[in-house]
Each structure stands twice: as C-alpha cells, then as structure tokens.
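Reading through the structure tokens given below for one structure.
The values are calculated or read from the model by the stated rules, or taken from the named source; none is laboratory data. A quick note: this is a predicted structure, and the numbers were derived from the prediction, not measured. All Cβ positions, even for glycine, are placed from backbone atoms using ideal geometry, and neighbour counts span all protein chains on display.
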Amino acid sequence: MENKNKNIWKGIALCLLILLLVESCFYFNEISKKQTPAEEPKEEEVTKEVMTSWQEDAAAKQKLVEYITAITDENSKDFIPVEDRIAVFDLDGTLFCETDPVYFDYRLFHYRVTQDPTYKDQATDFEKEVAEKIQIMMETGTSASGLEVDHGKGVASAFKGMTVDEFNAYIQQFKQMDAPGYNNMKNGEAFYKPMLELVDYLQENDFTVYIVSGTDRLIVRGIVEGNINIPNRQIIGSDETITARDQKDEDGLTYVYDDDDVLILGGNFIIKNLKMNKVSVIMQEIGQQPVLSFGNSTGDSSMAEYVTSNNKYRSLAFMLCCDDTVRENGNESKAEKMEQLCQEFDWVPISMKNDWKTIYGDSVTRK
C-alpha cells in the first residue's frame, strides 16, 4: 500500500513538472515575440504601383497620386467624402484618339453618307455638303466654321428612324473596321492606355467617373461599350431627339407609349455639348461640382475652370498636350498653346510624349 501511494505521488509530481515546463515555454515564447522587432513588410506590400504605363517621374502622375493620397485620408484637411468624389472627362483627345484623321463621330457620319451601300443613295443634299466639309477637314486638318453643329444635325437626320439598339449595333460594326492611320488597331480600340489606367485608379479610390463629351451621347455610349467600366447613366454628350416609333409627329405631351412601341432616333438635333454647355449640363445631370476635370482643348476650358473655381474641396484640372508626333498624330503648335494655357490657369499639363511609356500599346504604330 505504501509503495502504491508513493507511485501515485510520483505520478502527480511528474504531471506538475510537465505542466510547469509547458507554461515556461509559452511564457518565454511571448517574451521573445515582444522583444523581436516585427518583420518589415516587403516594398511591394508598402506601395502598390499604379498607372504603370506612365513614367514614374511624370509630374502629372505624381501630382495626381499625391492628391488622391490626401483626399482619401480621413485625418487629412483635404479629405473628401466618397459621395463627393466626382471626376469628369472629355472623350476625344482625352481618353480616345481625336485625330485619325478626325473625330470618330465625324468619320462615322462620313462613312454613312459616302460609303454605306444601304444609305449613301438616300443621303440628303445637306448631309452630302456636311460630308464634303468633313472630307476637306480630313485632308487639310482645317475645320469649316459651324461644322460642329452642322455635323450634329447631319447625324440626327442620317440615322433617323433607327432604333437605339440598331444605332448602337451600327456603331459596333464601325468600331471593328481598321483604324485608317494606325497599324494593328481597330476604330474602336483607339483608347489611350495610360488614361484608362488613370480611370481605373480613380475608381479604385471610390470616384464616380463621368464622361462629358461634345460627341453625340449615343455614339459615346457605343464607343465606351466594352472598353471602360462606365455605365450609360454617367455618359453625357451632344443630344438628338428620341421618340416612340408609333408616335410619328404627335407631341410627347399627348402621345402615350404603348406595349408594342420601340424607341427610335427622332431626326432632330438638340444641342452641341461643348464649352460652356458642358458646365450647364454637369449641373443639370450631375447636380454638384466635380473635384477633378480632364480635358485637352479650349472646348474643355469652361469645365476645367468650373471644377477648380470656388470649390469647397481641393480640386484639380488636367489637360492633355498633343505633343507626340511619333506614336500619335500630334500637333506641336497646339501642344505649346495648351501648355501656355495650363500655366495661365494653373491647370496640370499631361505630356503624351514625355509622360507616357506607351499610348495605344507597343504593337500599335502609325502608318
């Protein structure tokens, strides 16, 4: 019995010793953790590289990244709530090629009137006159006075009666044709890669991005489709009438849309969304002052000044300078004038030549 009791006490003592050893291990392990400095995160974990098609030392990129860092920091005096992070972009010459050799929507109309076998014989004298002015612009680079509005009227009449879906399908087919001035690029692929990265960067930082263009709104929607993640409700452009097919000439205040109706292009031009008209439509459709503006010409000047004038938030306006004559159909004279305007109005210039590693991608070259 005595031996049995001794064995029991030995067993208890052994268990206690084991527990003590285990506790000691835990204790010293925790002490070691506290005394050992945390492993430094790897560089790529600290800073995620953004806008990789831009030169790292590009002043415009650095300005934008610094701005985004400040306005997204809740502890910063420049913090902007998510609901007020609104950016507006022009399309042609800002996100998308403007000079191949003229605007996409000009070439679309010109094709409709002069080459489309289903329509060219039906084109009106006015539409042919506008197409001729566009042809001269293609050849000389000089735009006829009033062409912006005449072209808008021509688009409205040349596509009159098409449903909205049929018009979009027509645009998608034109997008698949070869770009006239570039190798390895279709009409619909002429987006500036660095600017697409910029849009992504803004959206990743909770910006709502709008396109505010002088191009017909329905054409802009067709161009953007499949290329940028911007919904139709955030696309603003020049406008034409849209009616119901069975409405004919009846006023919209008396006609009632019925269950077998479809929406068609009504044939009448409403407004060219350029210059001050861009500011007016921003207030009408967005309803508040954006904090970032991106453009490329004097047609975007009012928008840039509206965004940066008397804004309750820190705001910036960027302007693209078409100074690359190797990878793009640039114009050094126009680029110099825009750089001067940027200095005068305190806009941020973006050099297509110096700030971008690529424009359309390395496989795309000028013809």
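Details
- Residue 117 vs. criteria free of Cβ contacts under 8 Å to residues at least 60 places away in the same chain and part of a loop (DSSP other than H, G, I, E, B): yes
- Residue that is surrounded by the most Cβ atoms within 10 Å (Cβ to Cβ) [pool: residues in the stretch 79-105 that are more than 18 Å from residue 230 (Cβ to Cβ) and in contact with a Pro (Cβ under 8 Å, 6 or more places away or on another chain)]: 100
- Residue in the stretch 174-183 that is assigned by TED's automatic domain parsing to the domain that holds residue 279 and within 25 Å of residue 241 (Cβ to Cβ) present: yes
- Residue match in the stretch 217-230 (condition: surrounded by fewer than 15 Cβ atoms within 10 Å (Cβ to Cβ) and either in a loop (DSSP other than H, G, I, E, B) or in contact with a strand residue (DSSP E or B) (Cβ under 6 Å, 6 or more places away or on another chain) (or both)): yes
- Residue within the stretch 106-113 that is in contact with a Pro (Cβ under 8 Å, 6 or more places away or on another chain), aliphatic (A, V, I, L, M) and buried (at least 16 other Cβ atoms within 10 Å of the Cβ) present: no
This table checks each residue for (1) hydroxyl-bearing (Ser, Thr, Tyr); (2) out of contact with any Cys (no Cβ under 9 Å at 6 or more places or on another chain); (3) over 28 Å from residue 170 (Cα atoms).
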residue: 259; (1), (2), (3): no, yes, no
residue: 265; (1), (2), (3): no, yes, no
residue: 268; (1), (2), (3): no, yes, no
residue: 272; (1), (2), (3): no, yes, no
residue: 278; (1), (2), (3): no, yes, no
residue: 289; (1), (2), (3): no, yes, yes
residue: 299; (1), (2), (3): no, yes, no
residue: 302; (1), (2), (3): yes, yes, yes
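Each row is one residue, and each column tells you yes or no for (1) crowded, with 17+ Cβ neighbours inside 10 Å; (2) in contact with a Ser or Thr (Cβ under 6 Å, 6 or more places away or on another chain).
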site: 133; (1), (2): yes, no
site: 143; (1), (2): no, no
site: 152; (1), (2): yes, yes
site: 166; (1), (2): no, no
site: 169; (1), (2): no, no
site: 186; (1), (2): no, no
site: 204; (1), (2): no, no
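- Residues of the stretch 198-207 that are over 15 Å from residue 318 (Cα atoms) and touching a strand residue (DSSP E or B) at 6+ places or on another chain (Cβ under 9 Å): 203, 207.
- Some residue of the stretch 189-198 being part of a loop (DSSP other than H, G, I, E, B) and at positive phi: no
- Residue within the stretch 138-156 that is in contact with a strand residue (DSSP E or B) (Cβ under 9 Å, 6 or more places away or on another chain), without any contact (Cβ under 8 Å) to a residue 60 or more places away in the chain, farther than 26 Å from residue 305 by Cβ and small (Gly, Ala, Ser) present: yes
Here is a yes/no grid of residues against (1) under 17 Å from residue 88 (Cβ atoms); (2) within 17 Å of the chain's Cα centre (by Cα):
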residue: 204; (1), (2): no, yes
residue: 207; (1), (2): yes, yes
residue: 216; (1), (2): no, yes
residue: 224; (1), (2): yes, yes
residue: 229; (1), (2): yes, yes
residue: 235; (1), (2): yes, yes
residue: 260; (1), (2): no, no
residue: 281; (1), (2): yes, no
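- The residues of the stretch 133-152 that are within 16 Å of residue 104 (Cα to Cα), out of contact with any Gly (no Cβ under 8 Å at 6 or more places or on another chain) and either in a helix (DSSP H, G or I) or not assigned by TED's automatic domain parsing to the domain that holds residue 100 (or both), listed by number, are 133, 134, 135, 136, 137, 138, 139, 147, 149, 150, 151, 152.
- Single condition residue 210 does not satisfy, out of (1) out of contact with any strand residue (DSSP E or B) (no Cβ under 7 Å at 6 or more places or on another chain); (2) within 24 Å of residue 68 (Cα to Cα); (3) not polar (S, T, N, Q): (1)
- Scanning the stretch 171-192 for residues that are farther than 25 Å from residue 278 by Cα, out of contact with any helix residue (DSSP H, G or I) (no Cβ under 6 Å at 6 or more places or on another chain) and in contact (Cβ under 8 Å) with a residue 40 or more places away in the chain gives 172, 180, 181, 182, 183, 184, 185, 189.
- Of all residues in the stretch 314-337, those satisfying the criterion of being of a type in the set (A, V, I, L, M, F, W, C) and touching a helix residue (DSSP H, G or I) at 6+ places or on another chain (Cβ under 9 Å) are 316, 317, 318, 319, 320, 321, 322.
- Leading residue by the ranking (surrounded by the most Cβ atoms within 10 Å (Cβ to Cβ)) among those in the stretch 271-320 that are under 24 Å from residue 231 (Cα atoms) and among the aromatic types (Phe, Trp, Tyr): 294
- Taken over the stretch 328-345, the criterion of being under 16 Å from residue 301 (Cβ atoms), surrounded by 13 or more Cβ atoms within 10 Å (Cβ to Cβ) and of a type outside the set (Lys, Arg) is satisfied by 335, 338, 339, 341, 342, 345.
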